[in-house]
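> Okay, here's the structure, questions in a sec.
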Amino acid sequence: MTVGPQGRRPLSFWILTAVFVLFVLFLYGPMSAIYILSFQGPTGGLTFPMRGVSLHWFGALFGQQRTGDFSGSFARSIILALIVMALTLVISLAAGLAFRQRFRGATLIFYAAIASLVMPGLFVGLGIALVCQVLGITPRWWLTGLGAHLTWTLPFGLLIMFAVFNRFDRSYEEAARDLGASDRQVLTAVILPILAPGLIAVALFGFTLSYDEVARSTLTVGARNTMPLEIYAMTNNVTSPALFALGTVTTAISFLAIAVALLTIARITRRRGTGPVRAADPAGAPS
């Protein structure tokens, strides 16, 4: 955004700023009410005004007075999200490496891989459930639920990796091979360090998309709910701020995952910027 001749910002800047502020308020305003109400006292209700301030309802999530299986659904969601994250990362990286070379059927495979993005998640889950019924497979969160979540996370991982590889300068690989590096050394010492921010982005997408997925989980996780399904069930039978506390905890976990990813990317970027300086000897000649 350019600045006017007298150092004043144009009217368009303030209009766009106001639109952005309104968007942020619209996005986080309703959620802030949930966060505030989750810190009510033992006699608190579901609406304002607040009745005391405490951590009572956070303890209720893990205590005997809780409604639903919070701890079990939380553990299942975290484990499932970590497995989905790992598989999404490995498969997306392998696909990105494979698609660097043109091969017969590449276009068909690409569109088939991302086709699930345009399919309603409930239909994807229904199809998986019907196939399991025909094959006599009992839906379980670590089996059919895992497959359903991968149909959602893998297309995003593939698109990110394709974008990252599209900007990758292959001259670094050629220089490493000219110096005698093997294919494995090129991958581990050149390609992966350069692609590290993109790989972190793929991992973050895989974790967060799996952690809060509802539509593809409804018919595929079996009798044991994941966290989003447990929250949905609690909306029908919980009439206390424990539901708000649960929302606050899950949101904090999502923000924590994002913060860890951003800090890791910042650290990688900072190390790249200071690497040549540390590599110089006291005389100033490169080591």
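> I need the semi-axes of the equivalent ellipsoid of the stretch 191-236: take the C-alpha gyration tensor, multiply each eigenvalue by 5, square-root it, list largest first in whole angstrom.
32, 10, 7
> Still on this structure, I have one more. What does the highest-first list of 203-214, 15-26 look like by mean Cβ count within 10 Å?
203-214, 15-26
> In addition: Around R177, what is the net charge, scoring Lys/Arg as +1 and Asp/Glu as -1 over all other residues with Cβ under 11 Å from its Cβ?
Net local charge, R177 excluded: -3.
> Also, quick follow-up: At 1.4 Å probe size, with every protein chain present, just tell me what the per residue accessible area of the chain comes to in Å².
Solvent-accessible surface per residue comes out at 60 Å².
> Could you please tell me the mean projected area of the C-alpha convex hull for the stretch 69-237, averaged over all directions and given in square nanometres to one decimal?
11.8 nm²
> Could you tell me what percent of the accessible area of the chain is made up of carbon and sulfur, with a 1.4 Å probe and every protein chain present?
69 percent
> Further, regarding this structure: Hydropathy at least -1.0 by Kyte-Doolittle, axial extent at least 24 angstrom from the Cα trace: which helices of the chain, defined as entire DSSP H runs, fit?
TM-like helix candidates: 11-37, 70-98, 144-166, 192-211, 242-278.
> While we're here: Using per-residue counts of other Cβ atoms within 10 Å, averaged over each peptide, order 170-176, 192-198 from highest down.
Top of the packing list down: 192-198, 170-176.
> For R9, what accessible area in Å² do you get when you roll a 1.4 Å probe over the heavy atoms of the protein chains, rounding to the nearest 10?
For R9, the solvent-accessible surface is approximately 110 Å².
> Given 37 °C and 0.692 mPa s, compute D for the chain with the Stokes-Einstein relation, Rh being the Kirkwood radius over Cα pairs; round to the nearest whole µm²/s.
D, rounded to a whole number, is 144 µm²/s.
The values are calculated or read from the model by the stated rules, or taken from the named source; none is laboratory data. These numbers were taken from a predicted model, which means no experiment stands behind them. All Cβ positions, glycine included, derive from the backbone under ideal geometry; neighbour counts span all protein chains shown. We work out accessible area using only protein heavy atoms, side chains counted, and drop any ligands, DNA or RNA first. Shrake-Rupley method; radii C 1.70, N 1.55, O 1.52, S 1.80 Å.
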